[in-house]
Structure formats: C-alpha cells, structure tokens
1. For Glu20, are the conditions met, namely being acidic (Asp, Glu), in a loop (DSSP other than H, G, I, E, B) and either within 16 Å of the ligand (Cβ to nearest atom) or within 20 Å of Phe147 (Cβ to Cβ) (or both)?
2. Can you spot a residue in the range 178-196 that is within 16 Å of the ligand (Cβ to nearest atom) and either open to solvent by less than 40 Å² (accessible area, probe 1.4 Å) or among the basic types (Lys, Arg) (or both)?
3. If we keep just the residues of the range 144-154 that are open to solvent by 40 Å² or more (accessible area, probe 1.4 Å) and in contact with a strand residue (DSSP E or B) (Cβ under 9 Å, 6 or more places away or on another chain), which is nearest to the ligand (Cβ to nearest atom)?
4. Of the residues that sit in the range 33-46 and are touching a residue at least 24 places away in the same chain (Cβ under 8 Å) and surrounded by fewer than 18 Cβ atoms within 10 Å (Cβ to Cβ), which one is nearest to the ligand (Cβ to nearest atom)?
5. Scan the range 72-84 and tell me whether some residue there is in contact with a Gly (Cβ under 9 Å, 6 or more places away or on another chain) and open to solvent by 30 Å² or more (accessible area, probe 1.4 Å).
6. Would you call Leu53 in contact with a Phe, Trp or Tyr (Cβ under 8 Å, 6 or more places away or on another chain) and either in contact (Cβ under 8 Å) with a residue 40 or more places away in the chain or within 13 Å of Gln306 (Cβ to Cβ) (or both)?
7. From the list Ala218, Ala157, Ala168, Ala173, which one is more than 16 Å from the ligand (Cβ to nearest atom), under 16 Å from Glu137 (Cβ atoms) and outside any strand (DSSP E or B)?
8. Confirm whether Leu261 is modelled with pLDDT of 95 or more, more than 21 Å from Leu143 (Cα to Cα) and in contact with a strand residue (DSSP E or B) (Cβ under 7 Å, 6 or more places away or on another chain).
Amino acid sequence: MACVWTRKDLLGLEELSKEEIDLILNTADSFKEVSSREIKKVPALRGKTVVNLFYEPSTRTRVSFEVAAKRLSADVINIATETSSVRKGETLIDTGRNIEALKVDIIVVRHNYSGAPVMLARHLKASVVNAGDGWHEHPTQALLDIFTIKEKLGRIAGLNVSIVGDIAHSRVARSNIWGLTKLGAKVTVCAPPMLIPPAIEQMGVRVTHDITDALAAADAINVLRMQFERDQDGAFPKQLEYFKNYGLTRERLKEAKKDILVMHPGPINRGIEMSSDVADGGNSVILEQVTNGIAVRMAVLFLVAQANESIKKDDPFDSTQGHPERTSN
Ligand code: CP
C-alpha cells in the first residue's frame, strides 16, 4: 500500500520510516521541474503562510525555505530574532504562540538548542519544520544530500557513503546517518577521536580516523564544516593540522573511486575541510545540493501542510488543540 504522510511536523529523520523518507524524496522529484519553468510557481500552498523563525545564522537553509514556499505560492515572512521581541526576553513558546495567533500555517525554526522544534511542535497547531536544532538534527539538509546522491547514482541501498569532519557537533551528520542507514546505505564516519561522539557505532555506522580509509570504497563523501565556534574547551585540532590530516585534496581524491561524489552542506571553510580545487572540481556536487534543497523543502512544506489540513478536517472541534497529544509526531 502507498505510504501516506500523516505528520503535521517534520522534526527529524530518526522517527521517520524508510517509506516516509521515500515519499518525501519522490514528492521532491515531482517538484524539481517547477524550478526550471519560465514561471517558477505552482498553486499548491496558495493562501498558506510560512514563517521562517531563525535563532541562528543561515544563508542556504533560510533562503531555500523562502524560495520553496514562494514556488508553492505561499506567503512568507522572515523573522530575524536579533531584531524581534526575543531580544526582550520572550520565550520560544510565547513567540511561537504569537506567530500562530497571526494565523500562520507553518513555522520553520532553526535554534541553537537541541529539541527546540520538538517543544514548539507540542505547543502549536501550526506545522513546525526543523531547520536545524543544536547538535540534534537538520532533516532537510540530510534529505537534500540523500536526494542528490540518489539523483546522481540512481539508488541509495548498498552505496558506501563516508561522512568526514566534526561528527560530534554535527546535526547534519546525525540526520544523514538516520536517513542513509534507513535507506540501506553503508555509512562510515571519519574524524579525529575528539570529534567522534561516544557510541556512534550504535547508530549503525563504521568509524575510522583515517581519511584514506574513508575514501577507499566511498561512492560519496560528505565533508562537514569544522564548527570552530562550538569549540568551548579548545579541544579542536588547529586548522592547518586538521587540513593536513583530514582535508580533502586532489592528491587524496586520486586514491578514491573516479566518480566519487564530493559533497558539503556548506558553508565551506576552504583550505580547512577541503581545497578550493576539490570544492570547485569535477566531482563536486555542492551547488547541486543547494539547488535540490528547493525541491526537497517544497516537498516537506507541501506534505506537512496537507497532513495538517486533514488533521483539522477530521477533528474540527478538537478540545485538545495546542496540546501535546494533538500532534501526530
Ligand atoms: N547547510 C546549512 O545549513 O547552511 P546554512 O547554515 O547557510 O543554512
């Protein structure tokens, strides 16, 4: 039986089934051609309002959600928390409730605290989409990474995907691991020991500290940003030392499969995680990842909006509105 999306929110890939992830990817596939039309718009979310509520800096994710929502004909409002009443001490829940009182349908939230989108979703009738929370998850980034691999290589099951870099602090790594392993990829994580979180093997991944080993069988390598801003106790390797031991260079790529996909979620620290000639080279699909983010986010916004409509129709007098039990996640 075909999978039906029933969740009002997208909070992470951990709780999704393989079928739900496939549904998002297939829906994204059908939305991708909208961006190559002369008039890049479909009416799927006409009359809906999407708010981007970002408590952390972002270029790709925020703009991509805005473009995605506009291509679905939704109205979009961006809230920069530095210039909002958050600066006056308003809590996340109060901010969310006030945005909801403006009859907003979807809140896309990025937050520095892991679990912030889950908490918001439990308190709101509006759909909540996680645009990255702390070290926890960045589900749409992983979905666009997986979409790009599938588009380029035709499948996910059985592929070897290596994730290299700051695994310990990376929500992108976590979401990629959940998504890729559910779809049957073999995932290797590679970093110096202090950047590998304890018991990561329990997520079904292989660990190596040797980039040559991570590259050897890889069909795709996803290189993560070194998050130096999260280095509270000075435990990170120095930049030059990191590049020498883990940086992706043309020399190192010579030892990999000829057609290996070179990926990076951005923003890139050139000369730290990878050299410029690799970032801009023939194996790089980094900008295609960014383009695919639009289709993936269109799919996510469309699916959560549609599911929330069904929830409201099924239970128009629901007295538990706004309470945790009401959410489908
Ligand atoms: N990949 C990513 O999340 O980039 P931004 O921080 O620019 O959104």
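1. no
2. There is at least one residue in the range 178-196 that is within 16 Å of the ligand (Cβ to nearest atom) and either open to solvent by less than 40 Å² (accessible area, probe 1.4 Å) or among the basic types (Lys, Arg) (or both).
3. Lys152
4. Within the range 33-46, the match that is nearest to the ligand (Cβ to nearest atom) is Ser35.
5. yes
6. No.
7. Ala168
8. No: the conditions fail for Leu261.
The values are calculated or read from the model by the stated rules, or taken from the named source; none is laboratory data. Nothing here was measured: the structure is a model prediction, and the numbers come from that model. A quick note on method: Cβ atoms are made from the backbone with ideal geometry, for glycine too, and the neighbour counts reach across all protein chains shown. Accessible surface is based on the protein model in full, side chains and every heavy atom, while ligands, DNA and RNA are left aside. Shrake-Rupley method; radii C 1.70, N 1.55, O 1.52, S 1.80 Å.
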